[in-house]
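Worksheet: one structure, shown below.
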Amino acid sequence: MTETHWTLMIHGGAGRLTPEMLTPAQSAGARVGLAAALEAGSALLARGGSALDAVEAAVRTLEDDPHFNAGRGAVLGFDGRVSLDAAIMDGSGRQAGAVAGIGTTRNPVCLARRVMTVTPHVLLSGPDADQFSRDQGLEQAGEEWFATPERRRQLAELRARPDGWFDAEMKYGTVGAVACDVDGHVAAATSTGGVTGKRWGRIGDSPLIGAGTYADDRGCAISATGSGEYFIRAGAGHEIAARVRLAGQDIATATAAVLADVEALGGTGGVIVAAPDGRAHWAFTTPGMYRGRADASGARTIAIFGDEG
């Protein structure tokens, strides 16, 4: 039997990320945040911890970092409020939990895990999901925590455009993590604030199991970022895992095929993938993607732009 080595891969969103689009301070700050998330998750995996614990820890760290579009620093909807989505999935038994449209829970990924472990449900939404969070004793936060000056500026800019709709710059900041632990189990977690100026309770792919988040020990674990409507239509996460499990494709081949399908529909973005043998892969169809990887060999990679890593 081949020994399995742990692997952790994270993303902080994909989009029009180029050296011209980001200031040196923004780039440096994001890299510090990615490094902190890698450390939080890899420390658990190095001690023999579970992939599920590792992805939750990594995503929770990214949710607290205002450089990304999740938790603190999440983008604002057209009404000026945050509306947060998250999901987590354990590949060992395909248990999953997700939340959508919440606004007072500091770490949505932690609430998603409580949905998975405490309730018989998979997806909870809106104010009732926040009430469940309070019932569970999870830390709450107010507008002063979530809404940053930069996100308010971005919303004002979008509202001023005559065709003000979704985020035209497509600087997706969704965060996610996938991992394989020493026992060969995989897990995935994703968290997001959605897109700037979203309306009418719009929900993207991140909290939808099989679209932006999926994990199955028989295939692989996936977390996606990008134009969510297209990832939903492609069933991207499940499709990648199904190609691995049923067609025998390696994770790079399966990922390329699904991203090509998303692109053919009109969408762009990226995914991170971890397999039960410890292999991991990332791919994106945008100029850049905030991303990082750590594994049992001690290797660490952090990158943003397309020509890195």
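Where the second residue is in a helix (DSSP H, G or I) and acidic (Asp, Glu) and the first is more than 21 Å from residue 16 (Cβ to Cβ) and lies in the range 248-276, which pairs have Cβ atoms under 6 Å and are six or more apart or on separate chains?
Pairs found: 258/239.
Would it be correct to say that residue 252 is farther than 28 Å from residue 36 by Cα, of a type in the set (Gly, Ala, Ser), at pLDDT 95 or above and open to solvent by less than 50 Å² (accessible area, probe 1.4 Å)? I'd like the intermediate steps shown before the answer.
Numbers: farther than 28 Å from residue 36 by Cα: no; of a type in the set (Gly, Ala, Ser): yes; at pLDDT 95 or above: yes; open to solvent by less than 50 Å² (accessible area, probe 1.4 Å): yes.
Taking the combined requirement at face value, the residue does not satisfy it.
Condition (residue is farther than 29 Å from residue 9 by Cα and assigned to a loop (DSSP other than H, G, I, E, B)) applied to the range 49-70: is it met by at least one residue? Can you show your working first?
Keep residues of the range 49-70 that are farther than 29 Å from residue 9 by Cα, which gives none.
No, the conditions are met nowhere in the range 49-70.
When residue 137 is evaluated against the numbered criteria (1) closer than 19 Å to residue 63 by Cβ; (2) touching a residue at least 24 places away in the same chain (Cβ under 8 Å); (3) open to solvent by 60 Å² or more (accessible area, probe 1.4 Å), which criterion, by number, is the only one it fails?
All conditions are met except number (2).
Looking at the range 277-309, which of its residues are in contact (Cβ under 8 Å) with a residue 40 or more places away in the chain, assigned to a strand (DSSP E or B) and of a type in the set (Ser, Thr, Tyr)?
Answer for the range 277-309, where residues must be in contact (Cβ under 8 Å) with a residue 40 or more places away in the chain, assigned to a strand (DSSP E or B) and of a type in the set (Ser, Thr, Tyr): just 290.
Given (1) out of contact with any Phe, Trp or Tyr (no Cβ under 6 Å at 6 or more places or on another chain); (2) within 22 Å of residue 50 (Cβ to Cβ); (3) open to solvent by less than 30 Å² (accessible area, probe 1.4 Å), where does residue 298 come up short, assuming only one miss?
The single condition residue 298 does not satisfy is (3).
The values are calculated or read from the model by the stated rules, or taken from the named source; none is laboratory data. Worth saying up front: this structure is predicted, and the values here are computed from it rather than measured. Here the Cβ is made from the backbone with ideal geometry for all residues, glycine too, and neighbour counts use every protein chain on show. Areas reflect the complete protein model, heavy atoms only, side chains present, ligands, DNA and RNA absent. Shrake-Rupley method; radii C 1.70, N 1.55, O 1.52, S 1.80 Å.
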